[in-house]
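Below is one structure, written out as structure tokens; comments come after it.
The values are calculated or read from the model by the stated rules, or taken from the named source; none is laboratory data. Being a predicted model, the structure only gives us computed values, none of them experimental. When we count neighbours, we look across all protein chains shown, and the Cβ atoms used for this are built from the backbone with ideal geometry, even at glycine. With ligands, DNA and RNA removed, areas are computed over all heavy atoms of the protein, side chains included. Shrake-Rupley method; radii C 1.70, N 1.55, O 1.52, S 1.80 Å.
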Amino acid sequence: MAFGRWLNLEFLARYQAQGVLILRLFTAGVLIHGTQDNVFSAERMHEFERFLAERGTPAPVLAAHVSVYAQFLCGLLILVGAATRWAGAVMGVNFLAALVIAHRGAPFQANIAPLAMLSLAAFFLLHGAGPLSVEAWRARRATPVSGSG
């Protein structure tokens with residue numbers, strides 16, 4: 001029995017919360033790092049606008065700003081674990097659009113990063129932030145303490 005539990009790595013179950021936290025930190029880091037240059041540099045934002053325009057994206061200036069600021073803001077939300085399901089939904093739409101607009105026709109290898117981000121977005125949409133998050137902290141604070149009164 002003990003060998004079977006060891007073989008199945010059951011002792012790691014107590015670290016599930018840290019596993020979700022690792023995914024949140026990675027995802028947030030990718031989102032924030034990948035957009036901070038556009039957020040803080042008008043020239044980089046203009047480059048992205050031109051990139052979208054060249055691919056026939058409708059309203060490329062608006063699309064660039066929505067995409068960049070959505071990724072940056074969602075990265076911050078995922079980082080702290082607040083509104084994580086909403087951030088996952090927004091990122092899902094964003095990375096589906098990225099695959100269609102920027103990666104259409106590219107070989108699979110070139111699509112791995114946006115597909116990974118789409119997968120992480122789906123994970124956060126379906127799972128939420130986990131217990132080591134602002135969401136969980138707020139839920140614990142809102143739960144009345146039993147036995148008082």
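To the nearest 10 Å², what's Val61's accessible area with a 1.4 Å probe?
Taking all protein chains as shown, Val61 has close to 80 Å².
Quick check: pseudo-label points 7 Å beyond the Cα along Cα→Cβ at Phe40 and Val80, how many nm apart are they?
Simple spin-label model gives 1.9 nm for this pair.
Give me the tail of P(r) for segment 99-149 as a percent: Cα-Cα pairs with distance above 17 Å. Please report the intermediate quantities before stating the final value.
Details: 757 of 1275 pairs.
Of all Cα-Cα pairs in segment 99-149, 59 percent lie more than 17 Å apart.
Contour minus end-to-end for Phe11 and Val100, with contour as 0.36 nm per residue of separation and end-to-end as the Cα-Cα distance?
Values: separation 89, 0.36 × 89 = 32.04 nm, distance 4.20 nm.
Full extension of this stretch gives 27.8 nm more.
Which is the longest part of the chain that has none of the trypsin sites (Lys or Arg not before Pro) sitting in a DSSP loop with at most 14 other Cβ atoms within 10 Å?
Details: sites that count: Arg55, Arg104.
Between exposed loop sites, the widest span is 1-54.
For Cα Rg over 2.2 N^0.38 Å, pick the label among (1) 1.21; (2) 1.31; (3) 1.02 that corresponds to the value derived from the coordinates.
(2)
Roll a 1.4 Å probe over the protein heavy atoms and report the accessible area of Val20 in Å², nearest 10.
10
Can you compute the charge dipole magnitude of the chain about its Cα centre, using +1 on each Lys and Arg Cβ and -1 on each Asp and Glu Cβ, nothing else charged? Give it in debye, rounded to the nearest 20. Before the final figure, lay out the partial values.
Working: 11 positive and 7 negative charges, 108 e Å.
The calculation lands at about 520 debye.
To test your reading of the geometry: what angle, between 0 and 90 degrees and rounded to tens, separates the Cα axis of helix 84-101 from the longest principal axis of the chain?
Its long axis makes an angle of about 30 degrees.
Among Gly128, Gly92, Leu23, which residue has its Cα furthest toward the positive end of the charge dipole of the chain, with +1 on Lys/Arg Cβ and -1 on Asp/Glu Cβ?
Comparing the listed Cα positions along the dipole, Gly128 ranks first.
As I understand it, the value is the acute angle between the Cα axis of helix 108-127 and the longest principal axis of the Cα atoms of the chain; what does it come to in degrees, rounded to 10?
40
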